[in-house]
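First the structure, in the form of structure tokens, and then the observations on it.
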Amino acid sequence: MPVALKECVWEALGDELVLVADPRESVTLADPDGHIAALLTELRRAPRTARELAAALAERGITLSEQDVQEGLDGLASLGLLEDAGQATLGDPALDERHSSNLSFFGSFADLERSRADYIRRLRQSHVLVLGVGGGGSQIVPCLAGLGVGAMTLVDHDVVQSRNFNRQFLYRHADLGRSKVERAAEWVREYDPDIEVRTVDRWIAGVEDLRDLTAGIDVMTGGLDGERGSHLWLNETAVRAGIPLVTGGMMRTQLIYCSVDPGKSACLRCHERALPGERTTAGVAQRLVRERPFTNALIGPLTMQFGSLVAYEALRYLTDFEPPRAAGAYVVLDLHTGLVPEWQPIERDPGCPVCS
Ligand SMILES: [Zn+2]
């Protein structure tokens, strides 16, 4: 297979070659005869096979067998510098331009086994359920649309109100009084007509209301406002259906998100079971926090950050470019500590009625 050299720069320094691909670090290789530099130069000119590269090097006066070149390529591959040349794009100029940054992003994770095109195709074949298109969801939806997920099902039962304009940027004044899911779906269709959008205009009042929404879904995202314990309905639905869930919430000064990887991570019911009892000081304090009158103090920059973190964790599940970072943990970003993420792992409960 012809291989391509990923983005990198190099310079000879005496008998060594200093090479930078990931800007955080450099690699130094012994290259006394300049063969590696010549191989890199030939690869930079055009993607090729080991045999073609051996011929090109011979023209430069460097005699190496195809086997020698293959060993050199194996070394470069082990440094993550090579990818499948035929799969570095989607092969359709319009789609390649539409996904140019997405392709570049996955270039960092592509190798000879998994290509940039594979990652994008996987996204284009995926279907994400977005629960709620208010503060969090109306940020998640544009992030997923930009990534080019193939399909979304949007669930909400609210209408656009002027108080949404603090932070819900999918909606315009002309939309006042309109169904949020309908407007959000319209936004997605206008943004990228290739994305299929389904809307469900319904209040979710329990696990039963979620049951018919999971068919064909790859990842569940978002959260439901209002009723206490609604995160547990999502949790139970996700675990029983074997679908990863990325959810969370926003308190006055905190953004909190977490994910549940069914069969692998702890679930939200495990966490609930570990909470302090109602008759303890900590239990009473937690109940007071939950029950205190709540005025929504969330501004746009915070909801955008929340939505992007949820969408990015969903991206991990959808493409597997890296393992989920919030599986079985609450990740808390607090305004008072500079929004630096703090991981709070959830202990898996072997007696959990949902996940064990
Ligand atoms: Zn559990």
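The values are calculated or read from the model by the stated rules, or taken from the named source; none is laboratory data. Quantities reported herein were computed from a predicted structural model and do not represent experimental measurements. A quick note on method: Cβ atoms are made from the backbone with ideal geometry, for glycine too, and the neighbour counts reach across all protein chains shown. Keep in mind that these areas ignore ligands, DNA and RNA; they rest on the heavy atoms of the full protein, side chains included. Shrake-Rupley method; radii C 1.70, N 1.55, O 1.52, S 1.80 Å.
Annotations
- Placing unit charges on the Cβ atoms only, positive for Lys and Arg and negative for Asp and Glu, gives the stretch 201-356 a dipole magnitude near 380 debye about its Cα centre.
- Filtered trypsin sites (Lys or Arg not before Pro), the stretch 223-304: DSSP coil and at most 10 other beta carbons within 10 Å: 228, 279
- Helix 230-241 axis, angle to the chain major axis (alpha carbon atoms, nearest 10°): 50 degrees
- The stretch 320-350 and the stretch 191-214 have Cα centres lying 26 Å from one another.
- Cα-based helix-to-principal-axis angle, 35-45 vs the chain, degrees rounded to 10: 60 degrees
- For residue 218, solvent-accessible area (1.4 Å; no DNA, RNA or ligand), Å²: 70 Å²
- The angle separating the long axis of helix 281-291 from the principal Cα axis of greatest extent in the chain is about 90 degrees.
- Gained length - residue 343 relative to residue 49, 0.36 nm times residue gap less alpha-carbon distance: 101.3 nm
- Each peptide in 306-314, 173-181, 323-331, 129-137 gets a packing score, the mean of other Cβ atoms within 10 Å over its residues, and the list from highest to lowest is 129-137, 306-314, 323-331, 173-181.
- The stretch 110-151 and the stretch 1-52 have their alpha-carbon centroids 33 Å apart.
- Share, in percent, of DSSP beta bridges within the stretch 1-159 that are antiparallel, nearest 5: 70 percent
- When both bridge partners sit in the chain, DSSP labels roughly 60% of those beta bridges antiparallel.
- Average accessible area per residue (Å²) across the chain - probe 1.4 Å, nucleic acids and ligands excluded: 50 Å²
- Positive-end ranking of 195, 220, 91 along the dipole of the chain, with charges on Cβ about the Cα centre, is headed by 220.
- Remark: the stretch 273-280, residue by residue, has Karplus-estimated 3J(HN,Hα) of 6, 8, 5, x, x, 4, 9, 9 Hz, where x stands for each Gly or Pro and the curve is 6.51 cos²θ - 1.76 cosθ + 1.60 at θ = phi - 60°.
- Each Lys or Arg adds one and each Asp or Glu takes one away; over the other residues whose Cβ falls under 13 Å from the Cβ of residue 238, this sums to +1.
- FRET E, pair residue 169, residue 66, Förster distance 56 Å, beta-carbon r, rounded to 0.05: 0.50
- Note on surface exposure: 304, 250 rank 304, 250 by accessible area, highest first, 1.4 Å probe.
- Whole-Hz Karplus values for the stretch 66-80 come out as 4, 4, 4, 5, 4, 4, x, 5, 4, x, 5, 5, 5, 8, x Hz, taken residue by residue from phi with 6.51 cos²θ - 1.76 cosθ + 1.60 and θ = phi - 60°; glycine and proline positions read x.
- Ligands, DNA and RNA left out, the 1.4 Å accessible surface of the chain is 51% carbon and sulfur atoms.
- Vicinal HN-Hα couplings computed from phi for the stretch 204-212 (Karplus, 6.51 cos²θ - 1.76 cosθ + 1.60; Hz; Gly/Pro x): 9, 10, x, 4, 4, 6, 9, 4, 7
- For residue 16, distant residues with modelled amide H under 5 Å away: 31
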